[in-house]
Amino acid sequence: MRQQASRYLVVSDAVYADGAGKPVRLVLNTRTSRVSTVGDQVARALRHGDCAALPAAVSDRLSDLKILVPEGRDELTDVLDEQRARARSAATLNYVLVPNGYCNLGCEYCGQVHVRGKTSANHRSAVRDRILRAVNRPSTQEVRIGWFGDDPLMAYAVVRDLARQFVEAAVAAGVRYRSRLTTDGALLTLRKLRVLYEECRVDSVCVTIDGIGDPRRQHDRVLAVLADVVRHADEFPELGLTIRGTLDVADIDHVDTFIDAMVKAGLNHPMVEFDLRVVHAWSNDMSAPRVARQRFAAAEPRWLRRMHEVGMVTRTLIPAQLRGPICPAVTRSAEVISSSGAIFSCTEHPLVPEHEQGDVLELVEHADHDRQRPAGRYDDWHDRVNRGEQSCAGCVFLPVCGGRCPKHWGEGNPPCPSYKFNIQQRLELEALRTGLVPLLT
Ligand code: SF4
Ligand code: SF4
């Protein structure tokens, strides 16, 4: 069968010498997230789509790597079908719970409105009933609970109470249970983390650190707690601990200071993964994040290199394969339950007045717990990509990115991840990591 180059390849601009001194390039296949080393001539043939003259042994190897695919293959349809299938699966259910409506910080970029006050007893029991019913559905193999929103540790007692019941139900039903908590860290302590990990079965904690360039922000207490956690790392063998530095334009010149602070606190430790991100544009001003995203992508490779040198674990250089739906908003197997009692499909809808009024799918206290949430704004996402409503259908990163964020596309704010703009520098770092020597061409 005749073969052609996959449309999902990124060939390195740089040429390297392999161990035998022969010129080679790196080829990233975004359908497999695999980076392969191929001879320079082969790389040029892949780039120009001129593969007919490749020797049979080379073609066979490239076919095995899915770098070559059968001629005429409609890979876009294949990719979208795979992503649709993951979104339609009811085996893994994902509930993002916002247990309270008050936040102790008040970041400028956040479009949420924070109100002190407790949710009603009916709200809590309705959330519990809905999730217990889902755990016990015959199709359910795994339940994921995300504690999210304003700092969920402001509702620590609610988290504990609900998580205990979810864990008990999952164990009884033989369903896998996974849980992630996102917090600003202000109320985190080692003692609370032990309870969250052991009792609430939280296996992933993401501590967000905002305003790294703002001298008014005091991160010392949070870093001291995290340093304490790292000193007790052997108590948390299954815990994924992520420190997410969220940056806006004002922070971009302060990343080196941030790195220094992390090293000083001893957080360059295998237990901790760092994730630097440009701050989200919620539903307010969008121009500043767009500028930040461009500057971020330009500066990021140098940060990644420096973090690697000081032993900070970073998210992978090479974009990883999608394992599930791109986000809760594209699958009815996921939903977001706000402290207001509203069920949404998107994590940026709770507590934002415009969405709390216009995007409520139903109220948890009135919902039929035997049914998945009603369709939201973005459940037809893959069809929209297929129709070419954004530039994703023609993008080489579609298999690993999936279009990233339907909401931001809808707001005219393309959410393309930084790797779209700095993949060549990432491949250079990958080459360095694997010992390839750049050739001057
Ligand atoms: S649409 Fe965007 S903001 Fe909403 S859940 Fe998906 S990724 Fe998050
Ligand atoms: S969001 Fe950007 S990087 Fe992702 S698939 Fe769409 S165009 Fe490509």
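Just a few scattered comments:
- The helices (runs of 4 or more DSSP H) falling completely within region 331-441 that include 2 or more residues that are buried (at least 19 other Cβ atoms within 10 Å of the Cβ) and within 16 Å of ligand 2 (Cβ to nearest atom) map to 381-386, 398-401, 406-410, 419-433.
- Of Leu187, Leu153, all but one fail to be hydrophobic (A, V, I, L, M, F, W, C) and surrounded by 19 or more Cβ atoms within 10 Å (Cβ to Cβ); the exception is Leu153.
- Hits in region 134-160 - residues which are modelled with pLDDT of 95 or more and among the charged types (D, E, K, R): Arg137, Glu142, Arg144, Arg160
- Qualifying residue in region 317-329 (condition: part of a loop (DSSP other than H, G, I, E, B), outside the structural domain of Ala126 (by TED's automatic domain parsing), at pLDDT 95 or above and within 13 Å of ligand 1 (Cβ to nearest atom)): no
- Scanning region 299-323 for residues that are of a type in the set (Gly, Ala, Ser) and within 16 Å of ligand 2 (Cβ to nearest atom) turns up just one, Ala320.
- Members of region 54-77 found to be in contact with a helix residue (DSSP H, G or I) (Cβ under 9 Å, 6 or more places away or on another chain) and part of a helix (DSSP H, G or I), listed by number: Val58, Leu62, Glu75, Leu76, Thr77
The values are calculated or read from the model by the stated rules, or taken from the named source; none is laboratory data. This one's a predicted model, so the numbers in the text were calculated from it and none came from an experiment. Cβ atoms come from the backbone with ideal geometry, glycine included; neighbour counts cover every protein chain shown.
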